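Have a look at the structure below, then the notes.
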Amino acid sequence: MKPIYQANAKLDLSFTRIVDVPRALVWRAWTEVELLKPWFCPLPWKTIDCEIDLRPGGIFRTTMQSPEGKEFPNVGCYLEVVPNEKLVWTNAMQPGYRPSLVTATCGSEDAGFMFTAMLELADHAEGTRYTATVIHADEAGCKTHAAMGFEAGWGMALDQLVAMVKKGI
C-alpha cells in the first residue's frame, strides 16, 4: 500500500522549481556522497561529511559546518526511495527506524525540531520539475524552519546543485 501525503499549510513548507538539467543528474547529486557534499548547504556553510545508505531504513547523515567552524551533525533515516523520482527521509528516526532524540537542526542550537523531507522529481520540457517539501510535527517547528530561511536556503542549495551539474558530473 502506498502512503498518502496530505498537505497542511500550517505544518509544511514546500517549493517547486523547474531546473534546466536532467532529472537523472539531479538524482545523482542527491544520492552520491561526493556529489552531494559540494552543494548541499548554502554557501558559506559547508557539508564536510556525509553518509548515504540509499534504502528504506538506511542512514542519511550529514555534518554541516558554519562559517565560524562550528559543526552540526544531522542523522536521519530514509523512508522511501524511488530511483529518479522520489526521496523521503526524516530526522525523527535513526537508521533502522530507531526513534531519534531532538537535536540542534540546520546550524541553530535552539532550533531542535523533527521533520520529514520529500524530494520529488519529474521530467519537464525544460529539464526537471523539482519539488521539495518538509513536513513538521507542529506549527512551532514549521515556523522556526521558515524563519531560518527554508525556501531561500533550500533554493540556494538547489542553485548550487544546478551549477555543479552544468559544470559536468
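Each reported figure results from applying straightforward, stated rules to the coordinates on display, with no laboratory input. Just so you know, these numbers come straight off a predicted model, no measurement behind them. Note that we place each Cβ from the backbone using ideal geometry, even for glycine, and neighbour counts take in every protein chain shown.
Among Val81, Val165, a tally of other beta-carbon atoms within 10 Å of each Cβ gives an order, fewest to most, of Val81, Val165. Among residues other than Ala152 with Cβ under 13 Å from its Cβ, the summed charge is -1 (Lys and Arg +1, Asp and Glu -1). Per residue, the chain reaches -7000 deg cm²/dmol at 222 nm when only DSSP H runs of four or more residues are counted, each adding -39500 (n - 2.57).
Less than 5 angstrom separates the built amide H of Gly127 from none of the residues sequence-distant by 5 or more or on a different chain. Towards the positive end of the charge dipole of the chain, with charges on Cβ (+1 Lys, Arg; -1 Asp, Glu), say which of Val88, Tyr5, Pro22 has the farthest Cα. Result: Pro22, furthest along the dipole toward the positive end. Within segment 13-167, the percentage of alpha carbon pairs spaced more than 21 angstrom apart rounds to 42%.
The phi torsions of segment 73-84, fed into the Karplus equation with coefficients 6.51, -1.76 and 1.60 and a -60° offset, translate into couplings of x, 10, 10, x, 9, 6, 9, 8, 9, 10, x, 6 Hz, rounded to whole numbers, with Gly and Pro shown as x. If you average the C-alpha positions of segment 4-29 and of segment 116-169 separately, how far apart do those two centres end up, in angstrom? Here the two parts' Cα centres lie 6 Å apart. For Leu79, the residues whose amide H sits under 5 Å from its own are Gly57, Val88, Trp89, Thr90, ignoring neighbours fewer than 5 places away on the same chain, with H placed 1.01 Å from N. For segment 38-46, backbone phi angles converted through the Karplus equation (6.51, -1.76, 1.60; θ = phi - 60°) give residue-by-residue couplings of x, 10, 4, 9, x, 4, x, 5, 9 Hz, Gly and Pro being listed as x.
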